[in-house]
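Contents: one structure, followed by commentary.
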Amino acid sequence: MSGSTISYDIPGLERAINEHSKFILTCHVNADGDALGSTLGLKAVLARLGKKCSVIVPDLPPTTLLWIPGAKSAHAYEREITVCDQLIEEADCIFMMDYNAHSRTGKLGEKLSSLDKGSKYWVMVDHHLDPVEKCDVMISNPEASATCEIIYDCLRNSIYKDQIDVTSASCFYTGIMTDTGGLSYNSSDPDLYLLVADLLRMGIDKSEIHDKIFNNKSVRRLRLLATSLKKMEVIPGTNVSLIPLSKPVLDKHRYMTGDTEGFVNIPLQAKNLVCSMLLMERPDGIKVSLRSKGDFSVSEFASKYYGGGGHFNASGATMKMAFEEAVEVLKRDMKEYYTAMYGEENKIKEQE
Ligand code: 5GP
Ligand code: MN
């Protein structure tokens, strides 16, 4: 088992796979490399077992991730409601991958919540804090670097280990790399490196995957990054930065889903900043992304103030108000949270 003292319910996973034939694999909105990697990697394993299996993502995945094997076969719920509802009705087993609350899946979550609980077999595989839904099989480990780490660890220790091939291994490796920024954060567990070694032994093309993840940006996206860094401000009296991206700014840069992926991590390269926030004006509200270093909990901030959540050092929330108001509210709330944590004095380091 990869590092942690948690022992995964592998018999439960085996039961779920063995005793069912029609699977739906779901993940959270704004699917990232881990959400897509874990669902598509598991799908590849189920396909080898001859199981019927569909991946349903809440919204269209970013085009920058469509190279992940099988990504183009994923159904986007908001685009294909009728087809997806039919697939969900027919399924006998539903996996919640990389999320633990139906509220994280938008309209898809409304459908999932409306199902008679006992009519499907539910499996959760996730690494976010505090699972909300109760599933027949719960495989949750907030210590894990990625959901891909967990699902791969379970499968390689299960009766299905021989069904993991280079395709699924590539998917799982992708999720671990994207959720750790290329083994930069959330990756201190020595056993993770043994697990990654196992994936490399499967014959995956590490260089190609890294190029596709990290060197796959458009010039247009780099210009949006330049604008974002220009707009970055440090909230007075804190060591917290904020990048506000209003609709007009996003429109000017012809924003597409996935364009701002990773932007929120960049301000943390400044040695004195402990927290970075990115605010984006989206059709369904103001999306806030938060990242922090060390003992500064952004999941607590996101859940306490805005009903969001995520991980200790990486979280998010949605604010329902006008953009300019959200910027002010966020600054005020963060100042309050920061001051309660560190006090007014001694903690404000100079930003040069
Ligand atoms: P991101 O900033 O990359 O969208 O999200 C960072 C982390 O926070 C991810 O693990 C994501 O699942 C979680 N997260 C983002 N937005 C929300 C939200 O509105 N609610 C909850 N509970 N988690 C969120
Ligand atoms: Mn993840």
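Which of ASP259, ASP98, ASP284 moves most in a GNM of the chain, Cα contacts under 10 Å? Highest fluctuation of the listed residues: ASP284.
Could you work out what % of the accessible surface of segment 166-304 is carbon and sulfur, using a 1.4 angstrom probe and leaving DNA, RNA and ligands out of the count? Carbon and sulfur together cover 53 percent of it. Would you work out if segment 76-126 is rounded, prolate or oblate? Take a ≥ b ≥ c from the square roots of the eigenvalues of the alpha-carbon gyration tensor; rounded if a/c is under 1.5, else prolate when a/b is larger than b/c, oblate otherwise. Oblate shape, in that a/c is at least 1.5 and b/c is the bigger or equal ratio. For a straight C-alpha distance cut-off of 16 angstrom, the lysines reachable from LYS22 (same-chain residues fewer than eight places away being disregarded) are LYS43, LYS51, LYS52, LYS120. Using a cutoff of 8 angstrom between alpha carbon atoms and counting only pairs six or more residues apart, the relative contact order for segment 70-226 works out to 15 percent. Computed over protein heavy atoms with a 1.4 Å probe, the accessible surface of the chain works out to 45 Å² per residue. Where both bridge residues fall in the chain, DSSP classifies roughly 40% of the beta bridges as antiparallel. What is segment 56-209 by shape, rounded, prolate or oblate, if you read a ≥ b ≥ c off the alpha carbon gyration tensor as root eigenvalues and call it rounded for a/c under 1.5, prolate for a/b larger than b/c, and oblate otherwise? Note, shape of segment 56-209 comes out prolate. Measuring nothing but how far apart in sequence close Cα pairs (under 8 Å, 6+ apart) lie, relative to its length, the chain scores a relative contact order of 14 percent.
Return the calculated 222 nm mean residue ellipticity for the chain, to the nearest 500 deg cm²/dmol, obtained by summing -39500 (n - 2.57) across DSSP H runs with n ≥ 4 and dividing by the residue count.
On the way: 12 runs with 137 residues, N = 352.
Per the formula, -12000 deg cm²/dmol.
Spin-label pair ASP333-ILE6: with each label point 7 Å from Cα along the Cα-Cβ axis, the two points sit 2.6 nm from one another.
Starting from the Cα-Cα distance between LEU66 and LYS271, subtract it from 0.36 nm times their residue separation and give me the gain in nm to one decimal. Please report the intermediate quantities before stating the final value.
On the way: separation 205, 0.36 × 205 = 73.80 nm, distance 3.43 nm.
Stretched fully, the LEU66-LYS271 segment lengthens by 70.4 nm.
Among the protein heavy atoms, those of ASP295 account for about 100 Å² of accessible surface (1.4 Å probe, every chain in place). Determine the relative contact order of segment 23-71: mean sequence separation of Cα pairs under 8 Å and six or more apart, normalised by residue count, in whole percent. This gives 51 percent for segment 23-71. The stretch between SER73 and GLU324 holds 86.5 nm of extra length on full extension. This uses 0.36 nm per residue minus the Cα-Cα distance. If you sort the three axes of the alpha carbon gyration tensor as a ≥ b ≥ c, you get a/c of 1.5 or more for segment 170-249 and a/b no higher than b/c, which makes it oblate. Cross-link partners for LYS231 among the lysines, with Cα-Cα distance under 25 Å and sequence neighbours closer than 8 places in the same chain left out: LYS217, LYS247, LYS252, LYS271, LYS287, LYS293, LYS320, LYS331, LYS335, LYS347, LYS349. For segment 89-139, with all protein chains in place and a probe radius of 1.4 Å, 49% of the accessible heavy-atom surface sits on carbon or sulfur. Comparing ASN215, ASN265, ASN239, which has the greatest mean-square fluctuation in the GNM of the chain with Cα pairs linked when under 10 Å apart? Highest fluctuation among the options: ASN215. Note on ILE81 and ASN216: the model spin-label points, each 7 Å out from Cα along the C-beta direction, lie 3.0 nm apart.
The values are calculated or read from the model by the stated rules, or taken from the named source; none is laboratory data. Note that the structure is a prediction, hence the values are computed from the model and not measured. Glycine also receives a Cβ, built like all others from the backbone with ideal geometry; neighbour counts cover every protein chain displayed. Protein only, heavy atoms only, side chains kept; ligands, DNA and RNA dropped before computing areas. Shrake-Rupley method; radii C 1.70, N 1.55, O 1.52, S 1.80 Å.
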